[in-house]
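Input: a single structure, listed below in structure tokens.
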Amino acid sequence: MSARLAVKNLSKHFLGVQALEDVSFELHPGQVLALIGENGAGKSTLIRILSGAHQPDTGEIAINGETVQIHGPKDSERHGIATVYQELNLFPDLSVAENLVFGAYPRKGIIDWRAARKEAAGFLSDLGLNVDVSRRVRELSVAEKQMLEIAKSLHRNAQVLILDEPTAVLGGEDVDHLLQLVRGLKKRGVSIIFVSHRLEEVFDLADRYVVLKDGKLTGAGKISETDHDDLVSKMVGREFNRGEREVNAQFGGTALEVRNLSRGGVLHDISFRVRSGEVLGIAGLRGAGRTELARAIYGADPYTSGEVVLNGRKLRAGSPLAAITAGIGLVPEERKTQGLFTALSTAMNIPLVSMLKDRRKSASPGRDRRLADDYVRKLRIKLPDVDSPVATLSGGNQQKVVLAKWLEAGADVLILDEPTRGIDIGAKQEIYELIHELCRQGLAIIVISSELPEVLALSHRILVMYHGGLAAELEGATATEEQIMFHAVGGK
């Protein structure tokens, strides 16, 4: 019997970066294939090719033994492929029934809404979903929305269902319900590509697995012929060169203490300390709660219980201004939208936080230019001049401007969320050197990164997050990628 989906020697590159290289696998009816890999391994590129968002450079895709061309999402749907992303594609102000049958309305004439609601109710019931089809989608829980998105795909006769991290934002019984739905679809003969960082789900659901690392296939086979540690090893792919690590044992007292921090469904009883002169790495896979933890400490998001203590002083929850005034700085994951005013110049960006902290209401252009010139020299920021819009700078130089902003504000604790994302190798090394230098000057630094080599290179200690909680604490000098990944996917 021919495979329902066959991917043959698929390759794709973007601006010189090889996102996928010679990837091949097969998926048969009623089979669950786990697609596994670290962040940046190539999973998203593969999914986008199958969904028609990207075109491969080389290779081919076959459906039921016939080679097909997928030029866009409509082609993907026509060939029976449906993709359910984490960011759901539903109309919040329409009803469940309207969302389910959307796209199947008659082109002319009057829509029989009573028949549509009856059809929707029967279809959802057959899938084991007990949802009132008259409810507006915005009233549903996240889990119900996720299941409706899956049902919508099946209503359009999808035979290959791609689930991209479907349980990342779910917990407890919601996860169980969704996994039960997937099992039911498997029995119906639907072929499923299941993307998850939670390996216990992979072993519970999957028949076969495919592991990607740096765009290459590093492992494939029957799930019954592998184990947790073997998959982790295939995900990591290679040993990290420990020569990049810097070990500094000269720590001061506790600068930041987080005590029993919780936020319903997001963060669970998190406690840790960071000392002056220390780099604390926080690792974990997407959906583990790393960015949510950073935003809670900084005051950008509220928390339901616990406390944040800076230099012995408890901070007011949910107040970035209180955090800034006390000496906490956050370099956010999305620097262009959350860390900078890209239409403004470097000279105007750098003093903004210090102005807020000092309650200074007016700028001093001459002083601000001299200040910017000083940071350009110290941080080796490459730019035409300090009056150029930040939008014209490279990613690495934009990141240096964000760092300069917090250094000028006199931060004692710096939280760096994905500090080198989208930055070239040369600028990345300069950011590393800057972090080491700030550490030697006595700042307490938290580095959140999806790149395990980066976490290992920078950190004196490493906290590993899993499903909103702390799964492990490792010593930076002896930690390995395998150890981090073991805990990041729920190993015990």
Obtain the nm distance between the two label points defined at T478 and E225 by a simple spin-label model: each point lies 7 Å from its Cα along the Cα-to-C-beta direction.
-> 3.7
What is the magnitude of the charge dipole of the range 1-87 about its Cα centre, with +1 placed on the Cβ of each Lys and Arg, -1 on the Cβ of each Asp and Glu, and no other charges, expressed in debye to the nearest 20?
-> 160
Using the count of nearby Cβ atoms within 10 Å as a rough guide to exposure, how do I223, I431 rank from fewest to most?
-> I223, I431
Under 19 Å from the Cα of K12 - lysines, other chains or at least 8 residues apart | K43, K213, K216
Label point distance in nm, K187-L356, each placed 7 Å from Cα along Cα→Cβ = 5.4
Among [x] 23.1; [y] 24.7; [z] 32.9, which is the computed Kirkwood radius over Cα pairs in Å?
-> [y]
List the extent of the Cα atoms of the range 302-431 along each of their three principal axes, largest first, rounded to whole Å.
-> 47, 36, 23
Say R0 is 35 Å: what FRET efficiency, to the nearest 0.05, do S319 and D204 get from their beta-carbon distance?
-> 0.25
Residue span E437 to L15: 0.36 nm per residue of separation minus Cα-Cα distance leaves a gain in nm of 148.7 nm
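Would you mind ranking K492, K118 by Cβ crowding within 10 Å, fewest neighbours first?
K492, K118
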Counting other beta carbons within 10 Å of each Cβ, put F486, F14 in order, fewest first.
-> F14, F486
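For the range 242-488, please report how many Lys pairs fall under 14 Å Cα to Cα, leaving out neighbours fewer than 8 apart on the same chain.
On the way: K336/K400; K336/K405; K357/K405; K378/K400; K378/K405; K382/K400; K382/K428; K400/K428.
Close lysine pairs under the 14 Å cut-off: 8.
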Under 17 Å from the Cα of K8, which aspartates and glutamates turn up, not counting those fewer than eight places away in the same chain?
-> E21, D22, E26, D57, E60, E66
Report the convex hull volume per residue for the range 5-236, counting only C-alpha atoms, in Å³.
-> 130
For the range 423-464, treating each Cα as an identical point scatterer without solvent, what Debye log10 I(q)/I(0) comes out at q = 0.14, 0.21, 0.24, 0.29 1/Å?
-> -0.31, -0.70, -0.90, -1.18
Straight-line reach check, K118, cutoff 21 Å on alpha carbons, 8 or more apart in-chain or any other chain, hits among lysines -> K108, K145, K152
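For the chain, what does -39500 (n - 2.57) per DSSP helix run (n ≥ 4), summed and divided by total residues, give at 222 nm, in deg cm²/dmol to the nearest 500?
-10000 deg cm²/dmol
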In the calculated pair distance distribution of the range 242-488, what percentage of Cα-Cα distances lie above 29 Å?
-> 26
Using r as the Cβ-Cβ distance of Q429 and S2, and R0 as 30 Å, what FRET efficiency do you calculate, to the nearest 0.05?
-> 0.05
Go through 132-142, 256-266, 398-408, 324-334 and give me the packing order, highest mean Cβ count within 10 Å leading.
-> 398-408, 324-334, 256-266, 132-142
Among T291, F25, I63, which residue has its Cα positioned farthest towards the positive end of the charge dipole of the chain, with +1 placed on the Cβ of Lys and Arg, -1 on the Cβ of Asp and Glu, and the dipole taken about the Cα centre?
-> T291
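We did not get these values from a lab; they are worked out from the coordinates using the rules stated. Since this is a predicted model, take the numbers as computed values, not measurements. Counting neighbours? That spans all protein chains shown, and the Cβs are built from the backbone with ideal geometry, glycine included.
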